[in-house]
Amino acid sequence: MSANIPVNAKIPVRPGVLSGIRVLDFTWKTVGPWAPRLLTHYGAEVIHVERAGGYDDHRVNATPSTVSDNPQPIRLPGTKKVYSDPQFNTVREEPAVAQSPGEKKLYAAPYFNTLHNGKLAISLNTKDPEGRKIVDQLIGKCDALVENFSAEVLPSWGLTWERIHELNPRLVYMSASGFGHTGEWKGYRSFGPTAQAQSGMSLASGLPGKPPAGWGFSYLDVMGGWMGGLALIQGLLKAKQTGKGCYIDYSVTEGAMSMLGTYMLDYQVNGRRTRRPDFPPGNRSIFPAVAPHNTYRCAGKDRNGQDWWVFIACETQAQFESLCGLIGQPNLVSDPRFATNEARVANQDELDAIIGRWTRARRRYDIMRKCQTAGIIAAVVQSAEDRVEYDPQLQHREMHPIINNPEVGGDFPYEGYPVKLSRTPAFVHGRAPTLAEHNQYVYGELLGMSATEIAGLRERGII
Amino acid sequence: MSGVYEGLTVVELADRRNQWAGKLLSDGGARVIQIEPIGGSPGRWCGPFVDDKVDPDRCLDYWWYNTGKQSVVLDVERKPAQDLLKKLLSKADIFLESTPPGTLAKLDLDYAAVADNKALIYASLTDFGQDGPWRDYQMNDASHLALGGQMSSTGYSDPAVTPIGGQGHQSWHMGCAFVLHGITVALFDRMTSGEGQYIDVAIHDVCAIGTEAAVPQWTYYGSTMHRQTGMHANAKRQPPLQLPTADGKYMIAVMQNFGPRVWENLIKWMDEKGVTGELHDPKYQNEAFRMSEYRTGNVVRDAIARLIAANNGEECFHRAQSYGISWGLVHAAEENYDIPHYQQRNYWRSIEHPEIGRTIPYPRGPVACDAIGIEPRRRAPHLGEHTRQVLTQDLGMSDNEIAVLAGSGVIR
């Protein structure tokens with residue numbers, strides 16, 4: 001779709017069904033980067049822009065980095081002080097730029113590799129008018145622009161939707177933000193947990209009578225990022241149908257609210273609120289009310305001393321009868337407390353205690369296997385270790401491809417892309433790009449700048 | 001309004017797993033024909049129901065996940081119904097199904113059997129996908145959050161308390177997001193190639209990549225996450241970030257940088273509430289020092305907890321946000337109806353419900369974008385509401401033929 005690609009341009013991405021789609025990616029943190037990343041699996045060319053002289057936060061800090069008790073702020077040449085990503089309580093252990101010859105550079109933290117693999121990386125100073133002119137040029141060469149800055153940032157570069165549309169009428173522009181780019185909260189800031197709290201998603205998780213359990217990670221940065229990825233490909237499809245770009249104002253909080261519709265309708269029709277004493281119901285099921293439906297403690301503990309658990313549910317009478325046989329208590333089937341689902345729901349504390357006594361001294365995967373063999377819903381509460389090192393299903397489905405990245409220590413398993421298409425298969429690229437790795441390709445080949453021009457930009461700190 | 005899926009015909013085999021994907025297709029303008037068993041989709045029977053009275057036409061969960069769809073009731077276990085479904089598929093653009101692997105092959109409705117329609121995009125969203133050692137295991141929504149890793153990171157700081165999975169079909173939502181991503185890519189390709197294809201998505205695969213830091217934390221550092229009440233699991237235990245307000249709600253005091261201006265406002269606010277304490281010490285004027293203390297110590301955190309405890313939730317949220325602090329208040333889903341911001345953004349869509357004689361404001365689709373145009377357009381269908389219409393208009397059947405099928409219980 002992109003016009004004016006020089007004939008001899010060496011597009012450094014693997015061809016796929018989205019070859020020719022080029023995305024200008026101004027995303028950072030977590031919710032933004034996912035959307036363009038999902039397109040890389042089909043050969044889209046995604047240009048991730050980082051500020052000249054600096055770098056994407058996730059390159060160095062963010063998720064997995066060692067935790068230290070004595071964090072030190074570091075200084076980088078030409079940038080202000082930066083800290084580790086506080087949300088994860090992590091700390092930069094070394095400067096991003098090698099301070100002395102031989103010192104290890106860390107330009108690709110593991111999570112950066114997850115969020116940005118398959119992308120190209122360039123540096124650009126968007127604070128400078130000359131840099132902003134280059135943004136305009138890039139907009140002319142791209143099919144989509146994605147950012148998750150605060151609402152005021154792009155307009156402060158002169159890039160309103162009207163201006164963007166004028167620069168490239170075919171371009172799809174998506175802003176991902178906590179609360180959207182209109183309305184009285186448009187200036188409000190948000191991380192995944194903020195959106196989880198505000199939407200009602202956090203309150204819908206936990207034990208009754210206890211504080212909300214929420215989500216033990218930024219569900220709305222992950223699922224929120226995927227919904228953004230869905231909107232982005234939908235926007236590109238629409239542009240392909242009509243030849244016209246569009247603006248997608250994606251509010252992560254609204255996206256989450258659109259996953260809570262049943263509760264909204266229950267309130268509108270029945271006046272029932274999710275803020276009520278018996279909600280959320282832990283791991284039990286209210287709609288439909290079925291029992292057993294819970295987590296049960298098993299033998300053993302994880303590396304942190306947390307008990308191991310298995311989830312078991314019987315949604316049919318046959319499943320319950322099988323379970324009674326399995327736990328050696330066939331008499332429960334005719335016990336009036338448990339004979340029907342209705343009775344089981346009414347007496348589920350007792351029922352859970354009986355099942356819990358059976359699981360307590362048993363191994364979690366044995367329980368799962370035995371239950372599943374008998375046709376009963378059962379699932380180990382798997383940790384990341386369990387999934388990466390043991391889960392035979394994920395191994396079979398090749399969900400943890402190995403990516404080599406010398407900057408983070410070589411070969412490591414990553415999270416793959418889970419859609420298997422028969423005719424135009426998706427693929428996982430190698431490592432995420434190093435800092436400004438594709439300046440030459442983008443500025444030289446794509447924008448047709450000469451070596452002298454590029455050197456000039458570099459000297460002036462534009463790139 | 002014309003949505004991104006306008007003009008497409010989707011055949012959806014009723015199932016609770018895939019119905020959100022079908023809804024987004026329908027909300028995006030596609031004509032979605034949901035094929036239901038004689039007794040109705042399982043989605044009609046789960047509740048909650050209008051006035052809590054069990055009625056397959058009054059299930060609110062079904063209403064939400066099936067806006068704008070058409071309901072055609074066929075007993076696909078039986079040959080005449082299989083033939084009808086096959087005919088529908090010969091003209092459809094998309095087939096969305098979630099049956100256990102192998103089921104449709106037995107009914108001669110697997111991809112190979114209907115691939116004569118070269119343009120058909122045949123999408124299977126199942127628990128484990130079409131292959132693998134766990135392929136035939138029995139699952140539901142919550143069990144996927146267990147197996148996929150969401151529960152392992154979610155729950156309470158007390159290590160003896162159970163892990164928790166969030167309510168509201170979240171594993172199915174995740175699966176639907178990806179199956180629709182695949183379908184949309186396939187549509188993009190089909191515009192050029194003219195050809196459809198087969199799509200295989202496993203909910204387990206999707207959930208397994210949806211736990212943010214947990215996997216890289218394990219693969220790089222060999223660390224296991226501690227569950228922490230209302231906040232991110234972490235390799236190391238941290239002080240709480242979900243803090244009670246004066247009016248018994250909770251703020252999520254997400255950690256972030258406090259630059260000079262934000263800090264000045266924060267201290268002024270703390271002074272006002274008389275909770276500043278040690279933070280008056282000039283050493284906290286040094287950004288590096290205070291951020292370091294905030295990350296690893298208790299002085300800043302304790303003051304924040306006191307500040308939040310001294311404010312009502314709403315007041316606290318707005319004031320923090322006015323200073324550029326990204327804290328969020330734990331709201332209930334239904335409380336969003338009263339918030340002017342979402343009204344200003346035209347978030348609610350009125351859907352008429354003759355069943356209760358009034359309209360209900362539904363949430364819009366995930367994004368605001370007229371061109372994509374994904375938003376509820378019409379109420380969900382009643383059971384079998386469109387059986388006759390589809391058999392007559394799409395398949396050209398006569399009233400007599402339909403009566404014979406109905407009489408033998410093949411359709412409803």
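The values are calculated or read from the model by the stated rules, or taken from the named source; none is laboratory data. The structure displayed is predicted, hence computed values, not measured ones. No Cβ is skipped: glycine too gets one built from the backbone with ideal geometry, and neighbour counts run over all protein chains shown.
Within the range B:132-147, track down each residue that is in a loop (DSSP other than H, G, I, E, B) and at the interface with chain A (Cβ under 7 Å from one of its Cβ atoms).
B:132, B:133, B:134, B:137, B:138, B:139, B:140
In the range A:233-269, how many residues are crowded, with 24+ Cβ neighbours inside 10 Å, charged (D, E, K, R), touching a residue at least 40 places away in the same chain (Cβ under 8 Å) and in contact with a Pro (Cβ under 8 Å, 6 or more places away or on another chain)?
1
I'm told residue B:212 meets every condition in (1) surrounded by fewer than 24 Cβ atoms within 10 Å (Cβ to Cβ); (2) assigned to a loop (DSSP other than H, G, I, E, B) except one. Can you identify the failing condition by its number?
Here residue B:212 clears every test but (1).
Could you tell me whether the range B:342-365 includes any residue that is within 30 Å of residue A:165 (Cα to Cα), facing another protein chain (nearest Cβ under 9 Å) and touching a residue at least 40 places away in the same chain (Cβ under 8 Å)?
Checked the range B:342-365: at least one residue is within 30 Å of residue A:165 (Cα to Cα), facing another protein chain (nearest Cβ under 9 Å) and touching a residue at least 40 places away in the same chain (Cβ under 8 Å).
If residue A:181 passes every condition in (1) assigned to a loop (DSSP other than H, G, I, E, B); (2) buried (at least 24 other Cβ atoms within 10 Å of the Cβ) but one, which one does it miss?
(2)
Check the range B:33-52 and report whether any residue there is hydrophobic (A, V, I, L, M, F, W, C) and at pLDDT below 95.
So far as the range B:33-52 goes, no, none of its residues is hydrophobic (A, V, I, L, M, F, W, C) and at pLDDT below 95.
State all residues of the range B:170-209 that are within 7 Å of chain A (Cβ to nearest Cβ) and either modelled with pLDDT under 95 or outside any helix (DSSP H, G or I) (or both); if no residue qualifies, say none.
If the condition is that a residue be within 7 Å of chain A (Cβ to nearest Cβ) and either modelled with pLDDT under 95 or outside any helix (DSSP H, G or I) (or both), then B:195, B:197, B:198, B:199, B:200, B:201, B:202, B:209 are the ones that fit.
Could you pull out every one of the helices (runs of 4 or more DSSP H) wholly within the range B:1-102 that has 1 or more residues that are free of Cβ contacts under 8 Å to residues at least 40 places away in the same chain?
B:60-65, B:79-91
Would you check if there is a residue in the range A:246-265 being over 29 Å from residue A:30 (Cα atoms), at the interface with another protein chain (Cβ under 7 Å from one of its Cβ atoms), at pLDDT 95 or above and in contact with a helix residue (DSSP H, G or I) (Cβ under 9 Å, 6 or more places away or on another chain)?
Checking the range A:246-265: at least one residue is over 29 Å from residue A:30 (Cα atoms), at the interface with another protein chain (Cβ under 7 Å from one of its Cβ atoms), at pLDDT 95 or above and in contact with a helix residue (DSSP H, G or I) (Cβ under 9 Å, 6 or more places away or on another chain).
Among the candidates A:216, A:158, single out the residue that is in contact with a strand residue (DSSP E or B) (Cβ under 7 Å, 6 or more places away or on another chain) and part of a loop (DSSP other than H, G, I, E, B).
A:216 is the lone residue from the list that is in contact with a strand residue (DSSP E or B) (Cβ under 7 Å, 6 or more places away or on another chain) and part of a loop (DSSP other than H, G, I, E, B).
Mind counting the residues in the range A:360-387 that are closer than 20 Å to residue A:290 by Cα, touching a helix residue (DSSP H, G or I) at 6+ places or on another chain (Cβ under 8 Å), surrounded by fewer than 24 Cβ atoms within 10 Å (Cβ to Cβ) and not aliphatic (A, V, I, L, M)?
Residues meeting the conditions: 1.
Among the listed residues A:228, A:282, A:271, A:209, identify the single one that is over 22 Å from residue B:363 (Cα atoms) and more than 7 Å from every other protein chain (Cβ to nearest Cβ).
A:209
Would you mind finding the one in B:150, B:217, B:167 that is within 7 Å of another protein chain (Cβ to nearest Cβ), buried (at least 24 other Cβ atoms within 10 Å of the Cβ) and within 24 Å of residue A:365 (Cα to Cα)?
B:217
Taking only the range A:397-412 into account, find how many residues are over 22 Å from residue B:181 (Cβ atoms) and either at the interface with another protein chain (Cβ under 7 Å from one of its Cβ atoms) or at pLDDT 95 or above (or both).
Here the count works out to 1.
Say we look at the range A:291-302 and pick out the residues that are in contact (Cβ under 8 Å) with a residue 24 or more places away in the chain and surrounded by fewer than 22 Cβ atoms within 10 Å (Cβ to Cβ); which of these is farthest from the chain's Cα centre (by Cα)?
Step by step, filter the range A:291-302, then rank; the result is A:299.
Would you mind telling me which numbered condition in (1) under 17 Å from the mean Cα position of the chain (by Cα); (2) at the interface with another protein chain (Cβ under 7 Å from one of its Cβ atoms); (3) in contact (Cβ under 8 Å) with a residue 40 or more places away in the chain residue B:155 fails?
Exception for residue B:155: condition (1).
Do you know which residues across the range A:7-60 are modelled with pLDDT of 95 or more, farther than 22 Å from residue A:252 by Cβ and not in a loop (DSSP other than H, G, I, E, B)?
A:22, A:45, A:47, listed by residue number.
On the given criteria, is residue B:227 under 30 Å from residue A:110 (Cα atoms), of a type in the set (Lys, Arg) and not in a loop (DSSP other than H, G, I, E, B)?
yes
Condition first: of a type outside the set (Val, Ile, Thr), surrounded by fewer than 22 Cβ atoms within 10 Å (Cβ to Cβ) and more than 7 Å from chain A (Cβ to nearest Cβ). Now tell me which residues in the range B:230-248 satisfy that.
Once the filter is applied, which keeps residues that are of a type outside the set (Val, Ile, Thr), surrounded by fewer than 22 Cβ atoms within 10 Å (Cβ to Cβ) and more than 7 Å from chain A (Cβ to nearest Cβ), the range B:230-248 yields B:237, B:239, B:240, B:244, B:246, B:247, B:248.
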